[in-house]
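> So that we are looking at the same thing, I have put the structure below in structure tokens.
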Amino acid sequence: MKKLIVILSLLCLVPAASAQVQSLSHQDVKRKYIVYTPSGYAGAPERKLPVVLNFAGGGMTAAEQMLYTQMNRTADRHGFIVVYPQGIKNDWNVGFGMPYKEGSNDVGFVRQLLAALERDYRIDPRRVYATGLSRGGFFALRLAAEMPERFAAVASVGAPMPEPVIAHHQERRPVGVMLVHGTADAVVAYDGKTGGYLSARDTASYWAQVNGLDWGAAQSRQLPSVAGDATSASISEHGTPQHRVALVTVKDGGHTWPGADPFNVGLPIGATSLSVDVNELIWDFFRRHGQQNTN
């Protein structure tokens, strides 16, 4: 995803008083990340909180992802920590444009990041989640494939399952997966790209199989519409209390974060749905998943 100009800071106020830029050294490279602790965090020193890693799209910075997605507000409402990691050259290794194994070791960075977060913050290790947009969404799915022992659930926006991840996905363990995708996405096609990534529906079916589910038994429902919104959305979901798979299809939606400010600086990203508050949908999905075994 091409770089988004940060005019968002002028369009909205972001609760960022508790957002701190941190860094660690991974393989002799300084890696930065932003940590947002919700209101009330300091006043409850005995309480461990869930944490959501929120990965930016290609070309976007961690700060831009924080401003664009507005997930800090959701964190305040529901009491979880949000972390916005910074990719090397604003990118994440999912096997596109760089070798899957020999490219940047972003999975290793995330492992070290989680260790640092558990050391420095009150993190509940049973409730660790990941989400992301575009390249960041692809990477969230790589984390689900390679680190299911650490992530209870992930949610990918505008990014189905990358074929390089499938090729290297050997240890297939259950993990909750939500996909959110617009049918009019002109950047990452809803119907997939041969040699690149699966379609949104095939991605849901893939993760249903990993979780031992029959995707054909998924239950679908239409989400409430908003007057004046050209998009509409439906959700299909199936699973057990421990692991679920969900697909949110945004009809006529573009390569955007549903519910975000529908700004456009001339990029071909398409329509932003106002019928979907994707932050609330993602958190509702996440909160139903908690790892029972953190070894």
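The values are calculated or read from the model by the stated rules, or taken from the named source; none is laboratory data. From a predicted model like this one, the values you see are computed outputs, not experimental measurements. Cβ sites come from the backbone with ideal geometry, for glycine too, and all protein chains shown count toward neighbours. To get the accessible areas, we keep the full protein, side chains included, count just its heavy atoms, and leave off ligands, DNA and RNA. Shrake-Rupley method; radii C 1.70, N 1.55, O 1.52, S 1.80 Å.
> What are the residues in region 172-195 that are closer than 19 Å to residue 254 by Cα and touching a residue at least 60 places away in the same chain (Cβ under 8 Å), if any? Spell out how you get there, then give the answer.
First, pick out the residues of region 172-195 that are closer than 19 Å to residue 254 by Cα: 178-193.
Hits for region 172-195 are 178, 179, 180, 181, 182, 183, 184, 185, 186, 187, 188.
> Can you confirm whether region 250-262 contains a residue that is under 20 Å from residue 285 (Cα atoms), touching a His at 6+ places or on another chain (Cβ under 8 Å), free of Cβ contacts under 8 Å to residues at least 60 places away in the same chain and assigned to a strand (DSSP E or B)? Can you show your working first?
Here is the first cut: in region 250-262, the residues under 20 Å from residue 285 (Cα atoms) are 250, 256-260.
Pick out the ones that are also touching a His at 6+ places or on another chain (Cβ under 8 Å) and you get 250.
So of that shortlist, the ones also free of Cβ contacts under 8 Å to residues at least 60 places away in the same chain come out as none.
Taking every residue of region 250-262 in turn, none turns out to be under 20 Å from residue 285 (Cα atoms), touching a His at 6+ places or on another chain (Cβ under 8 Å), free of Cβ contacts under 8 Å to residues at least 60 places away in the same chain and assigned to a strand (DSSP E or B).
> Would a scan of region 72-83 turn up a residue that is closer than 25 Å to residue 209 by Cβ, touching a residue at least 12 places away in the same chain (Cβ under 8 Å) and open to solvent by less than 20 Å² (accessible area, probe 1.4 Å)? Before the answer, list the steps.
Step one: list which residues in region 72-83 are closer than 25 Å to residue 209 by Cβ, which gives none.
Within region 72-83 (the criterion being closer than 25 Å to residue 209 by Cβ, touching a residue at least 12 places away in the same chain (Cβ under 8 Å) and open to solvent by less than 20 Å² (accessible area, probe 1.4 Å)), the answer is no, since none of the residues qualifies.
> Here is a further query. Working only within region 77-130, note down all residues that are of a type in the set (Asp, Glu) and either in contact with a Gly (Cβ under 8 Å, 6 or more places away or on another chain) or at pLDDT 95 or above (or both).
First, the residues of region 77-130 that are of a type in the set (Asp, Glu): 91, 102, 106, 118, 120, 124.
Hits for region 77-130 are 91, 106, 118, 120, 124.
> Hey, another quick one. Can you confirm whether region 118-130 contains a residue that is outside any loop (DSSP other than H, G, I, E, B) and without any contact (Cβ under 8 Å) to a residue 24 or more places away in the chain? Quick ask: steps written out before the conclusion?
Applying the first criterion (outside any loop (DSSP other than H, G, I, E, B)) to region 118-130 yields 118-120, 123-130.
Still in the running and without any contact (Cβ under 8 Å) to a residue 24 or more places away in the chain: 118-119.
There is at least one residue in region 118-130 that is outside any loop (DSSP other than H, G, I, E, B) and without any contact (Cβ under 8 Å) to a residue 24 or more places away in the chain.
> Go through region 10-52 and count every residue that is in a strand (DSSP E or B), modelled with pLDDT under 95 and open to solvent by 90 Å² or more (accessible area, probe 1.4 Å).
1
> Further, regarding this structure: Only one of 83, 94 is more than 13 Å from the chain's Cα centre (by Cα) and closer than 15 Å to residue 132 by Cβ; which?
Details: 83 fails: more than 13 Å from the chain's Cα centre (by Cα).
Answer to the check: 94.
> Additional query: Answer yes or no as to whether residue 184 is touching a Gly at 6+ places or on another chain (Cβ under 6 Å) and surrounded by 24 or more Cβ atoms within 10 Å (Cβ to Cβ).
Numbers: touching a Gly at 6+ places or on another chain (Cβ under 6 Å): yes; surrounded by 24 or more Cβ atoms within 10 Å (Cβ to Cβ): no.
So residue 184 fails the test.
> Got at least one residue in region 269-280 being open to solvent by 70 Å² or more (accessible area, probe 1.4 Å), closer than 21 Å to residue 148 by Cβ, out of contact with any strand residue (DSSP E or B) (no Cβ under 6 Å at 6 or more places or on another chain) and at pLDDT 95 or above? Don't jump to the end; show me each part of the working.
Let us first name the residues in region 269-280 that are open to solvent by 70 Å² or more (accessible area, probe 1.4 Å), namely 274, 277.
In the following step, the residues that additionally are closer than 21 Å to residue 148 by Cβ were identified as none.
No.
> What residue, among those in region 193-231 that are outside any helix (DSSP H, G or I), among the aliphatic types (A, V, I, L, M) and open to solvent by less than 50 Å² (accessible area, probe 1.4 Å), is nearest to residue 274 (Cα to Cα)? Working first, answer last.
The initial filter retains those residues of region 193-231 that are outside any helix (DSSP H, G or I), namely 193-199, 211-214, 218-231.
Going one step further and asking which of them are among the aliphatic types (A, V, I, L, M), we end up with 198, 213, 218, 223, 226-227, 230.
So of that shortlist, the ones also open to solvent by less than 50 Å² (accessible area, probe 1.4 Å) come out as 198, 213, 218, 223.
Details: 198: 26, 213: 31, 218: 25, 223: 11 Å.
Ranking the qualifying residues of region 193-231, first place goes to 223.
> Could you identify the single residue in 149, 102, 163 that is open to solvent by 30 Å² or more (accessible area, probe 1.4 Å), in contact (Cβ under 8 Å) with a residue 12 or more places away in the chain and more than 20 Å from residue 190 (Cβ to Cβ)?
On the way: 102 fails: in contact (Cβ under 8 Å) with a residue 12 or more places away in the chain; 163 fails: more than 20 Å from residue 190 (Cβ to Cβ).
Checking each option against the conditions leaves just 149.
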